[in-house]
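The values are calculated or read from the model by the stated rules, or taken from the named source; none is laboratory data. None of the values given here were measured: they were computed from a predicted structure. Every residue, glycine among them, receives a Cβ derived from its backbone with ideal geometry; neighbour counts consider all protein chains shown. Remember, those area values only see protein heavy atoms, side chains included, never the ligands or the DNA or RNA. Shrake-Rupley method; radii C 1.70, N 1.55, O 1.52, S 1.80 Å.
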Amino acid sequence: MNITDIQPLIDIAIKAGEAILEVYNGTQEDFGITRKEDNSPLTAADRVSHDIIVDGLTKLYPEIPILSEEGADIEYAVRKEWKQYWCVDPLDGTKEFISRNGQFTVNIAFMEHNKPVIGVIYSPVLNVVYYGIVGKGSWKMTPGEAPEAISVDRKTSEWIAIGSRSHADEDEENILKKYPVVSKLSIGSSLKFCLVAEGKAQIYFRKGPTMEWDTAAGQAIAVSSGAIMVNADFEEFVYNKPSLLNPGFYCKVS
């Protein structure tokens, strides 16, 4: 895949986001909420976004397989042979969607040798796109306007920690005491990675739980803007594992 193909990915993410908003702006009954095997919620918006993304990516790149939250039942024996694939979360922040706080995203990552090398994140309510290409940089844009290059803020000595709105952990609080954190922000979905990428926060530590599609696009954007992403033992953060459950991790300025 050529990096000049970033615009079609942005277009797919925006199209999926617009479909999500149609459900979001309807009634609670329109949400069509069901429960998955792990008891996590699934809505009509998750399903319609998944269909749009899979259809769009398949038409453009029929040879590249897709790993999506709503289509994750692919055996490891098959996945482990993949050299390239898409890692997709059609609606990251379903709980935020249901609570109508606007903090949910569409995540699309292009994976090469089990590493996220391109990430696109679209926030439908904010109408903002973040994208990153490893080795090239990261950008933020309002659809229809020119993109703005973004980068982490390494200069500040007063760090802002970003954390989850739907998940909190006492161990995470203790970890943050090791860093020059003076304030904390809470926000849902992969927007946490984006705030690190654009210098509005300096560290995002997560003990868990997350899945690979929750982090892939965000990692690509954050790393492309100058952040580092490692597991809780400060080792390489690994994708396409037999289990798609992530370990704890740090995303922070380097």
Comparing 207, 83, 140 in a Gaussian network model of the chain (Cα, 10 Å), the one with the largest mean-square fluctuation is 83
Taking the Cα of residue 178, stepping 7 Å toward and past its beta carbon, and measuring to each backbone N in the stretch 220-253: which are under 16 Å?
228-237, 248-253
Kirkwood-Stokes translational diffusion coefficient of the stretch 83-212, alpha-carbon pairs, 37 °C, 0.692 mPa s, µm²/s
210
Please sort 29-35, 147-153, 116-122 by packing, taking for each peptide the average over its residues of neighbouring beta carbons within 10 angstrom, highest first.
116-122, 147-153, 29-35
Accessible surface of residue 233 in the full protein assembly, 1.4 angstrom probe, to the nearest 10 Å²?
110
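With an 8 Å Cα cut-off and a minimum separation of 6 or more residues, compute the relative contact order for the stretch 90-166 in percent.
On the way: 114 pairs, mean separation 13.2, N = 77.
Answer for the stretch 90-166 is 17 percent.
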Rounded to the nearest 0.05, what FRET efficiency do residue 186 and residue 29 have when you use their Cβ-Cβ distance and R0 = 30 Å?
0.55
Per 0.36 nm of contour for each residue apart, how much would the distance between residue 36 and residue 73 grow if the chain were fully extended, relative to their Cα-Cα spacing?
12.1 nm
Compactness of the stretch 42-159 - radius of gyration and Dmax, Cα, Å
15.9, 47
Calculated from the structure, Cα extents along the principal axes in Å equals which of [x] 56, 38, 33; [y] 46, 41, 40; [z] 68, 39, 32?
[y]
Per-peptide average of other Cβ atoms within 10 Å, ordering 65-76, 194-205 highest first:
194-205, 65-76
Highest GNM mean-square fluctuation, the chain, Cα pairs closer than 10 Å: which of 94, 27, 142?
27
To the nearest 20 debye, the stretch 5-118 has a Cα-centred charge dipole, built from +1 on Lys and Arg Cβ and -1 on Asp and Glu Cβ, of 220
Normalised by the residues of the chain, what does the relative contact order come to in percent, with Cα pairs under 8 Å and at least six apart?
17
